[in-house]
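Accompanying notes for the structure given below.
The values are calculated or read from the model by the stated rules, or taken from the named source; none is laboratory data. Bear in mind that the values here come from a model prediction, so they are computed numbers and not experimental data. Please note: Cβ atoms are built from the backbone with ideal geometry, for glycine as well, and neighbour counts cover all protein chains shown. In case anyone asks, the SASA skips ligands and DNA or RNA and just uses the protein heavy atoms, side chains included. Shrake-Rupley method; radii C 1.70, N 1.55, O 1.52, S 1.80 Å.
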Amino acid sequence: MNPIDDLLNTHFPGKVVRKDLTKLVKGNAIVPTYVLEYLLGQYCATDVEDTIAEGVENVKNIIARHFVHRDEAQIIKSTIREKGLHRIIDKVAVRLNDMKDVYEAEFANLGLKKVVINDLIVKEHQKLLSSGVWCIVTMGYFPSDERDVSPWIIESLKPIQIANIDVEEYKTARKNFTKDEWIDALMQSIGLNPAEFSFRSKLLQLCRLIPFAENNYNLIELGPKGTGKSHIYSEMSPHGMLISGGEVSKAKLFVNNSTGEIGLVGYWDVVAYDEFAGKTKKADRGLVDILKNYMANKSFSRGTQVYGAAASMVFVGNTDHSVPYMLKHANLFEALPKDYYDTAFLDRIHAYLPGWEVQKLRNDMFTADFGFIVDYLAEVLKELRKEDHTQAYTAYFQLSDSITTRDKTAIAKTFSGLVKVIFPDGNFTKEEAKELIEFAIECRRRVKEQLRLMDDTFEAADFSYTDKASKIKKVVFTLEEIEYGRAEAEPEDVIDTSESAPAEENQPASNAASSKTRQISIRDNQTGVSYEKLFGEYLIGATDIKVTDPYVRLPYQLRNFMEFATLVAKTKSDDQEVKLHLVTNNNEDYLENAKESFTEIADSLEPWGIVFSYEFDEVVHDRSIELNNGWEIVLGRGLDIFQKTNGKYDIAEHYQEKRQCKVCKITFLASPE
């Protein structure tokens, strides 16, 4: 097992399950992940292989015997009739028949309707009165001579969700994990392989959990297809409801004025609109107005009666164009239906997740390692909704006074939600709080900047915060503003060593070489970066180049080095000869392959006036480029600044500026001479 698996099994025994088991038992059953993992948790919550194998067979048998497939509904009905009693797994919804003064159940797959259900069951599980709950039901069949009496009887009903969880135990066990270990454990719990994601990409995935942990949280995510935007809301929790954007009505979402029935927001913690985008889609304008009131005031009206609710609202949909196209010709909300393309409605959104940063899911992005049983995690997040961390950041930071109250509320709620997900015990360092507050500010800034493009009456806001201890002010920009030059006041990136450091933290700006030392910060997932943009002007005139990077051994690392060598070839003049020397480290597993590769590189470069040499240094740790033209470039990550691409047919594999970057800093040091 990997270290995360060891930690999970040690500190959360019986509450974790191997994530590849879901596929083994699912077969062709159309059932959410949390239902399958609930069953797996009864039999496979262990790291003992023999017990797991036996448990998988038990779960397969349970699904085969008790899960109701629509095309086998008549067989199941016959089984119930012949046996008298039979246990089934199906989705059950309940309605009040006021003509007969009884509650009646409807079974989604079995096809039965108007089956009388005991009042006590409905009172205990009121969510049955909404759009339906997956349950384990013991059904009976007792024919009667009386007219209009149904033979179907519900003997017992149990919603599929863990009964008891101890949040304090969860918080205490969290202390045994570092921040990065815990984030990786959560990534594995939602079925993803953390090794394939940058820190920022992990945050984007975990932000999808915030609506389950934070009351009345309004989130939107727009991006390309195939990035798993809606998966969490349908598969990961019995407390979330995913609905098609076209199916929404005032009665379904809030209240049916003719029957008095409360809608989805009264029963579910999260209501997510799927396929929300689409300019041609029609929407009920009255519903949009009710949504605006609910998202701002946490309440809705039924006649003269006002009801409060805590359901978070999530809107996910696909974009029609690339980000630079949208920024140039319209804005990042341009794909929304006309009735939702409303600044008053969109101003209620607390965070806009940039779905275009999330890569399309590949097979190697899924995990076969251990993670929390999602039903257990869902119950913990539900309990954490009772807590409030919206003011926790104020221990270290102060938001700009120019930010409106609505902006501050949005930032605080995103911060609070991330704390509940990543630091459930409320213990975090100043640096950890800084990561979260910057991400929260960025998510709200993305909303506000688009509103300014849509409506001139929205004033510019200073989305910054100040460190209370150092008094240093930091302006936060969205990643796309940095990538596509939309920042109105691009911060200075030059550190003048002859003067005192500026009060404002440094950010990347132009790449023009100057006589001053400067530092460039590259953010996780940033695109538009290339070796030529970073190093091109600094290589001019250099005839002796020494690259120190301990990790040039794997295929992608060798590719990176060859791309740097190609830049050297492009930069030098034809009549110039350049020495290129590499200092690196290696081990026995890769040594021979590295030597062969370096020999091929040397042979390739020699005809073009580049003399390549290399050496292996077992103790090398530094990462730098030393040039004999007066510059030294300190590389925070060496040449390994790019994330993994999707393979040889991904344009990013061949075009550096289309690759997503890893977070790092690059410092350009000028010689005193």
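Structural remarks
- Charge sum, other residues only, whose C-beta stays under 15 Å from H231's C-beta, Lys/Arg counted +1 and Asp/Glu -1: +3
- Modelled label positions at T79 and A64, each set 7 Å beyond Cα in the direction of Cβ, lie 1.1 nm from each other.
- Reciprocal of mean inverse Cα separation for region 200-299 (Kirkwood radius, Å): 14.7 Å
- Over region 538-673, the alpha carbon radius of gyration divided by the compact-protein estimate 2.2 N^0.38 Å works out to 1.05.
- Normalised size of the chain, defined as Cα radius of gyration per 2.2 N^0.38 Å with N residues, equals 1.11.
- The Kirkwood radius of region 1-79, taken over pairs of alpha-carbon atoms, gives through the Stokes-Einstein law at 4 °C and 1.567 mPa s a diffusion coefficient of 95 µm² s⁻¹.
- Computed over protein heavy atoms with a 1.4 angstrom probe, the accessible surface ordering of E431, E626, largest first, is E431, E626.
- Given R0 = 51 Å, the distance between the Cβ atoms of S144 and T46 translates into a calculated FRET efficiency of 0.65.
- Take the Cα of D98, go 7 Å toward its beta carbon, and the backbone nitrogen atoms of region 104-123 under 15 Å from that spot belong to 104.
- All other residues whose Cβ lies under 11 angstrom from that of K408 are scored, Lys and Arg at +1 and Asp and Glu at -1, for a net of +1.
- Local electrostatic count, T22, Cβ distance below 11 Å [Lys/Arg +1, Asp/Glu -1]: +1
- Cα convex hull volume per residue for region 148-263 (Å³): 211 Å³
- Region 559-639 shape via C-alpha gyration tensor axes, a/c threshold 1.5: oblate
- Dimensionless Rg over Rh [region 68-112; C-alpha; Kirkwood]: 1.05
- Treating r as the C-beta distance of T543 and T566 and R0 as 22 Å, the FRET efficiency rounds to 0.80.
- Taken over region 94-136, the convex hull of the Cα atoms encloses 74 Å³ per residue.
- Shape parameters for region 246-370, alpha-carbon atoms, Rg then Dmax in Å: 17.1, 54
- Global geometry of region 309-448, whether rounded, prolate or oblate, following the gyration tensor of its Cα atoms and the 1.5 cut on a/c: oblate
- Heavy-atom accessible area with a 1.4 Å probe sorts T457, T280, T79, largest first, into T280, T457, T79.
- Computed [θ] at 222 nm, deg cm²/dmol, the chain (DSSP H ≥ 4; -39,500 (n - 2.57); rounded to nearest 500): -10000 deg cm²/dmol
- Calculated FRET value between R285 and E72, using beta carbons and R₀ = 45 Å, to 0.05: 0.55
- Spacing of the modelled spin labels on S604 and I651, each 7 Å from Cα toward Cβ, amounts to 2.4 nm.
- For the chain, accessible area per residue (1.4 Å probe, heavy atoms of protein chains only), Å²: 45 Å²
- Structural size metrics of region 399-471, computed from C-alpha coordinates, are Rg and Dmax of 13.4, 43 Å.
- Long-range Cα-Cα pairs in region 514-618 (distance over 21 Å), rounded percent: 41 percent
- Sorted on the mean count of surrounding Cβ atoms within 10 Å across their residues, most packed first, peptides 584-592, 230-238 read 230-238, 584-592.
- Rolling a 1.4 angstrom probe over region 542-638 with all protein chains present gives an accessible area of which 46% lies on carbon and sulfur atoms.
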